[in-house]
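Quick notes on the structure that follows.
The values are calculated or read from the model by the stated rules, or taken from the named source; none is laboratory data. The shown structure was predicted, so the numbers you read here are calculated from the model rather than taken from an experiment. All Cβ positions, even for glycine, are placed from backbone atoms using ideal geometry, and neighbour counts span all protein chains on display. The protein model used for the area step is the full one, side chains on, heavy atoms only, and it has no ligands, DNA or RNA in it. Shrake-Rupley method; radii C 1.70, N 1.55, O 1.52, S 1.80 Å.
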Amino acid sequence: MATAVPAERDAVARAFPGAAHERALPGANVVEIADGPDLIAAGVGPALAAASTATALTAAALDGRPYGLVVSAGIAGGFPPHAPLASLVVADEITAADLGAETADGFLPVTDLGFGTVTHRPPAALVREVAAASGALTGAVLTVSTVTGTAARAALLRDRHPGALAEAMEGFGVAEAAAAHGVPVLEIRAVSNPVGPRDRAAWRIGDALNALTEGFGKIAPVLESWNRYDS
């Protein structure tokens, strides 16, 4: 399970009661929870998140215990009014919103340039089960390298991606690493702030971290019992 920063990692860890042990890898520290998930604080941004996640995936594969699922988890901005503060969002698609080229006719995703990918889709059955267990909203979670700071930018992103509920900075990077290893991916976000003008007084980071802990407490049985080959 990959989070961006230790505060998010610790919020997820609180949902699992087992003893934790930290193992250092080149470029990443893995927190292994007894009878629970392995957690990493993968870093901020899609590039570092991809590199750290790939390190953990490679180490597990070389140890002969490859992972069956990768989860990108943390807090995020939510598009109002669709994803209110402290709500939980599970991604039915993980999309890189700014991977492409600006042209005279507007933005072109990298796929329109003839290469790459901009979207990863988590297993639909798992998304449904997680949403049902936690009461999470389902929709697209956008990955950006620059956090949105204006109403105009927020409106532009929603216009390009009408199903978008949240914006974060790591999910696509985590998904790219998982895809390279042939491992399914899931993204779960708790909303800490509205996407748009940056108003720190409106941020509810503590509430979002608590929602993340509560949400993972509800979905832990789903994740523990899920088998990709049953989907």
Principal-axis tilt of helix 151-160 within the chain, Cα atoms, nearest 10 degrees: 80 degrees
Gained length - R128 relative to A34, 0.36 nm times residue gap less alpha-carbon distance: 31.2 nm
Between helix 124-134 and the chain: long-axis angle, C-alpha atoms, 0 to 90°, nearest 10: 80 degrees
Reciprocal of mean inverse Cα separation for the range 25-149 (Kirkwood radius, Å): 16.8 Å
Distance (nanometres) between label positions extended 7 Å along Cα→Cβ at D105 and A51: 3.6 nm
Share of carbon and sulfur in the accessible heavy-atom surface of the range 107-207 [1.4 Å probe, %]: 56 percent
Potential lengthening between T146 and A61 on full extension [0.36 nm per residue; Cα-Cα distance subtracted]: 27.3 nm
Net charge of neighbours whose Cβ lies under 15 Å from the Cβ of D112, counting Lys and Arg as +1 and Asp and Glu as -1: -2
Local net charge near A34, Cβ-Cβ under 14 Å (Lys/Arg +1, Asp/Glu -1): -4
Cα centroid separation - the range 85-108 against the range 178-231, whole Å: 17 Å
Separation between Cα centres of the range 57-78 and the range 110-142, rounded to whole Å: 16 Å
Rg over Rh, two decimals, the range 157-206 (C-alpha only, Kirkwood Rh): 1.06
Under 5 Å, built H, 5+ apart or other chain: amide partners of L25: V30
Interatomic Cα distance distribution for the chain, bins of 10 angstrom, percent: 8, 35, 38, 16, 3, 0
Descending Cα extents along the principal axes, the range 116-231, whole Å: 43, 36, 22
Kirkwood hydrodynamic radius of the range 1-86, from inverse mean 1/r over distinct Cα pairs, in Å: 13.6 Å
